[in-house]
Structures are given as C-alpha cells and as structure tokens.
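Asker: This is the structure, below, for whatever I ask next.
The values are calculated or read from the model by the stated rules, or taken from the named source; none is laboratory data. What you see is a predicted model; the values in this text were computed from it and never measured. Note that we place each Cβ from the backbone using ideal geometry, even for glycine, and neighbour counts take in every protein chain shown. In case anyone asks, the SASA skips ligands and DNA or RNA and just uses the protein heavy atoms, side chains included. Shrake-Rupley method; radii C 1.70, N 1.55, O 1.52, S 1.80 Å.
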Amino acid sequence: MRDRIKAALTQAIKDRDQIRVSTLRLISAAIKDRDIGARGEGNDTGVSQGEILSILDKMISQRNESIKAYEEGGRLELAERERSEIGVIREFLPRQLTEEEISRAIQMAIDEVGASGIRDMGRVMGQLKGRYAGQMDFGKVGPAVRNLLG
C-alpha cells in the first residue's frame, strides 16, 4: 500500500496534478504520523495494512463532513475539491461491499460474537471494523447493527 501511494505521488508530481499531489501528500503524512505514534508505543514495524485502511476511512469521513459544511455555506467550489480528494483516497481502498454483502457480514459478526442485545453492539462493530476496514461505511452500518440488536 505504501509503495502504491508513493508511486502515485511520483506520477502525480510528473503530471502536475495539484489536487492529486496534495491529497497523496496528506495521506503519506497521516500514515507517517501514525507510524511515529506507533514507535512511541514500542511498535518499530509501523502501522499495519488494516490501520492504513482505517486512516483512509477516517480521511473520507472528514471530507464528507466538510462537503456538508461547505454546501450549507454556499462554498460549492470547496465542496467539489473535497469530492476530488475523496476520489483520490478511494483509489487505495478495497472494493466497497454491496448492501446484501453488508447485511450478511453484520449477521455473521452477530453470530460470531454471540450478540444478544444492544450491549453487544461494540463487540459486533469491532468485529466488523477488524474484518471489513475500508469496505463499508461504518456510519451507516452502526444503525443497521443497532436495529438488529435492539
């Protein structure tokens, strides 16, 4: 993943694609920042692939929030830039699951952790985040899990 991001950054610099360059630099900086934090905790190998996917997911969530704020404020050009950045970030995420696949994954996670009520929601979400990082929108999955457990 790191090599793909580095290669994409090099190509974006050659192509003089400013939005792509800045987005890829932000991704690299976020990963490097998490690496430094991991070293401080005694993990010299850096962040795992799953953690990188988590970083990318968080970056997309932040941009979606920004898009909403920009659109409410009438700053459509800034909202469009955020959408462009999301497109660049998504290139490094695995394929998104379909609604049907998400439903099956939720049910499987509920069965695996033996969830019986809303109190088990954290364990179910943890199971899903560990297995499907970057493949589903957990902001939408949370309410679905709550409905099944509630």
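Asker: Between Arg2 and Met108, what length in nm is gained on full extension when 0.36 nm per residue of separation is reduced by their alpha carbon distance? Display every interim value, and only then the final one.
Answerer: Numbers: separation 106, 0.36 × 106 = 38.16 nm, distance 3.10 nm.
Gain on stretching Arg2 to Met108: 35.1 nm.
Asker: Just the number please: accessible area per residue for segment 101-150, 1.4 Å probe, all protein chains included, in Å². The partial results should precede the final answer.
Answerer: Working: 2820 Å² over 50 residues.
It amounts to 56 Å² per residue over segment 101-150.
Asker: State to the nearest 20 debye the size of the charge dipole of segment 37-145 about its Cα centre, where the only charges are +1 on K and R beta carbons and -1 on D and E beta carbons.
Answerer: On the way: 15 positive and 19 negative charges, 26 e Å.
Once rounded to the nearest 20, the dipole reads 120 debye.
Asker: Within the chain, which is the longest segment containing none of the trypsin sites (Lys or Arg not before Pro) that sit in a DSSP loop and have at most 13 other Cβ atoms within 10 Å? List each step's numbers first, then the result.
Answerer: On the way: sites that count: Arg16, Arg95.
So the longest stretch without any such site is 17-94.
Asker: Let me ask something additional. I need the GluC sites (Glu not before Pro) found in segment 39-77, filtered to DSSP loop residues with at most 13 other beta carbons within 10 Å of theirs. Intermediate results must be reported in sequence, preceding the final value.
Answerer: On the way: sites: Glu41, Glu51, Glu65, Glu71, Glu72, Glu77; in loops: Glu41.
Sparse-neighbourhood loop GluC sites (Glu not before Pro): Glu41.
Asker: Taking the full set of protein chains and a 1.4 angstrom probe, give the accessible area of Asp15 in square angstrom, rounded to the nearest 10.
Answerer: Surface open to solvent at Asp15 totals about 100 Å².
Asker: What is the spin-label model distance, in nm, from Ser48 to Asp15 if the labels are put 7 Å beyond Cα along the C-beta direction?
Answerer: Taking the simple label geometry, Ser48 and Asp15 are separated by 3.2 nm.
Asker: Two-decimal Rg/Rh of segment 51-108 from alpha-carbon positions, Kirkwood Rh?
Answerer: On the way: Rg = 14.0 Å, Rh = 12.8 Å.
Result for segment 51-108 is an Rg/Rh of 1.09.
Asker: If you take every residue apart from Asn64 with its C-beta less than 12 Å away from the C-beta of Asn64, what net charge results, scoring Lys and Arg +1 and Asp and Glu -1?
Answerer: Working: positive: Lys58, Arg63, Lys68, Arg83, Arg90, Lys140; negative: Asp57, Glu65, Glu71, Glu82, Glu85, Asp137.
Net charge around Asn64: 0.
Asker: Would you please give the FRET efficiency between Leu26 and Leu149, computed as 1/(1 + (r/R0)^6) with r the Cβ-Cβ distance and R0 = 30 Å, to the nearest 0.05? Mind dumping the intermediate values first?
Answerer: Working: r = 36 Å, r/R0 = 1.20.
In this case the efficiency is close to 0.25.
Asker: How big is the gap, in Å, between the Cα center of segment 10-26 and the Cα center of segment 75-150?
Answerer: If you average the Cα positions of each part, the centres end up 29 Å apart.
Asker: Springs between alpha-carbon atoms under 10 Å, Gaussian network over the chain: tell me which of Ala79, Ala105, Ala69 tops the mean-square fluctuations.
Answerer: Result: Ala69 has the largest fluctuation of those listed.
Asker: Accessible area per residue, 1.4 Å probe, Å², for segment 1-92: what's the number? Provide the component values of the computation, followed by the final result.
Answerer: Values: 5820 Å² over 92 residues.
In whole numbers, segment 1-92 has 63 Å² accessible per residue.
Asker: Could I ask something else about it? Over the chain, what portion of Cα pair distances is larger than 19 Å, expressed as a whole percent? Intermediate values should be presented prior to the final figure.
Answerer: Numbers: 6864 of 11175 pairs.
Counting pairs separated by more than 19 Å, the tail of P(r) holds 61 percent.
Asker: Mean separation of Cα pairs under 8 Å and 6+ residues apart, divided by the residue count of segment 1-107: what relative contact order is that in percent? Write down the numbers at each step before the final one.
Answerer: Numbers: 66 pairs, mean separation 27.2, N = 107.
Once normalised by length, the contact order is 25 percent.
Asker: Let me have the relative contact order for segment 73-141, percent, based on Cα pairs under 8 Å that are six or more residues apart.
Answerer: Details: 26 pairs, mean separation 25.7, N = 69.
Relative contact order comes out at 37 percent.
Asker: Roughly to the nearest percent, how much of the accessible area of the chain is carbon and sulfur, given a 1.4 Å probe? All intermediate terms of the calculation are to be shown ahead of the outcome.
Answerer: Values: 4510 of 9290 Å².
Heavy-atom surface of the chain belonging to carbon and sulfur, 1.4 Å probe: 49 percent.
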